[in-house]
Amino acid sequence: MKIAFIGLGNMGGPMAINLHKAGHSVKAFDLSQDALAKVKAEGLQVAASAQDAVQGAEAVITMLPASQHVEGLFLGNGNGPGLLASIAQGALVIDSSTIAAATSQKVAKAAEAAGIDFIDAPVSGGTGGAIAGTLTFMVGGSEAQLERARPLLEKMGANIFHAGAVGAGQTAKICNNMLLGILMVGTSEAIALGVANGLDPKGLSEIMRRSSGGNWALEKYNPFPGVHENAPASKGYAGGFGTDLMLKDLGLAQENAMATKASTPLGGLARAIYAAHSIAGHGGEDFSSVIKMLQKKG
Ligand code: NAD
């Protein structure tokens, strides 16, 4: 299939490479020359612009930072028409960025008017999952649209869930990430308390992992350096899922909670903690670096 892939960062780069390895013809575009060079080295075609990438594409996949990037790309940002005007009628657009459900619905409506299928398909599984092709996709769209997308999603992920109508994938994603943000702060707090009392972080983590406090961070993504060899904590908190991206997702959860009058006290507190961590200069580090806020210094 002829695919345009736009947004080749920590997640999009490996996802595009997996589609290429599966035999699809992928034309990739990113605003960053570095990101383009990385996929070019893997044999992907690179485009001169987003418009160039989508010429003749049967499917368009986007993996961009936030709502404004997705809306600006597809609908335009005042400097000319958006990308929808350049995409062929009948094409399928899969947006895997984590953005506001309302933005997905707005873009989907404009796409429908142009005769283009649009689904939201945000992911979970981190950069490790993107590289291994084992991501979880949470899809918002019709049953028929999901079935169109499935063969492509299967090349990038291991689990594909139909969350509901367009936008529902985003809602599922922010519920999950709100829980993840809270769990990472809680796990960090518990390890920091144990270490302040002289416990070995590895030993304590193993006790909690196999006890009732066990969770995903203790299984795969320990925030304490040296506990999990491949976790960002053991690599100077480089790569992984940035603090600022977690802050964005917790903000989306809070906006949604305000709109629906939902009560999310721990989600609100977690947002404030990551915001303080970002302001302290850790926005570009992996979100598990939030443990630095909670550790005794010296
Ligand atoms: P990233 O910052 O590494 O990559 C985003 C890329 O988009 C960058 O290379 C940037 O240059 C490019 N870009 C921005 N605007 C563009 C435009 N108009 N045209 C072309 N390229 C453009 O981010 P990431 O970690 O890959 O995350 C992407 C999305 O996936 C975010 O919405 C994030 O919340 C979500 N996500 C990330 C993770 C993770 O672990 N990193 C996990 C799940 C979901």
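The values are calculated or read from the model by the stated rules, or taken from the named source; none is laboratory data. Because the structure is predicted, anything quoted here is derived from the model rather than measured. Please note: Cβ atoms are built from the backbone with ideal geometry, for glycine as well, and neighbour counts cover all protein chains shown. Each accessible area value is taken on the protein alone, full model and side chains, heavy atoms only, with ligands, DNA and RNA left out. Shrake-Rupley method; radii C 1.70, N 1.55, O 1.52, S 1.80 Å.
Tabulated values for the structure
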item: The chain: calculated mean residue ellipticity at 222 nm from DSSP helix runs of at least 4, using -39500 (n - 2.57); result: -14500 deg cm²/dmol
item: Among G128, G43, G13, residue whose mean-square fluctuation peaks in a GNM of the chain (springs only between Cα atoms under 10 Å); result: G43
item: Amide H contacts under 5 Å for A100, placed H, 5+ residues apart; result: S67
item: Volume of the Cα convex hull of segment 90-170, divided per residue and given in Å³; result: 73 Å³
item: Largest-first principal axis extents, alpha carbons of segment 171-294, Å; result: 44, 31, 24
item: Whole-angstrom gap from segment 185-257 to segment 78-140, using each part's C-alpha centre; result: 30 Å
item: Rounded FRET efficiency, nearest 0.05, which uses the C-beta distance separating E206 from E112 and R0 of 35 Å; result: 0.10
item: Fluctuation leader among T264, T243, T127 - the chain, Gaussian network, Cα springs under 10 angstrom; result: T264
item: Helix 101-113 axis, angle to the chain major axis (alpha carbon atoms, nearest 10°); result: 10 degrees
item: All Cα pairs of the chain, percent lying beyond 23 Å; result: 56 percent
item: Relative contact order of segment 2-165, defined on C-alpha pairs under 8 angstrom at six or more residues apart (%); result: 19 percent
item: Where the chain is the region considered: accessible area per residue in Å², 1.4 Å probe; result: 45 Å²
item: Whole-number D in µm²/s for segment 2-165 (Stokes-Einstein; Kirkwood sum over Cα pairs; 25 °C, 0.890 mPa s); result: 160 µm²/s
item: Segment 151-222, relative contact order in percent, only Cα pairs under 8 angstrom and at least six apart counted; result: 19 percent
item: Two-decimal Rg/Rh across segment 244-298, once Rg and the Kirkwood Rh are taken from alpha-carbon atoms; result: 1.04
item: The chain: most fluctuating residue of M258, M138, M11 per GNM, C-alpha cutoff 10 Å; result: M258
item: Solvent exposure ordering (accessible area, 1.4 Å, most first) of E255, E206; result: E255, E206
item: The chain, accessible surface, carbon-and-sulfur percent (1.4 angstrom probe); result: 56 percent
item: Distance in nm between pseudo-label sites at A144 and A88 (7 Å out along the Cβ direction from Cα); result: 1.9 nm
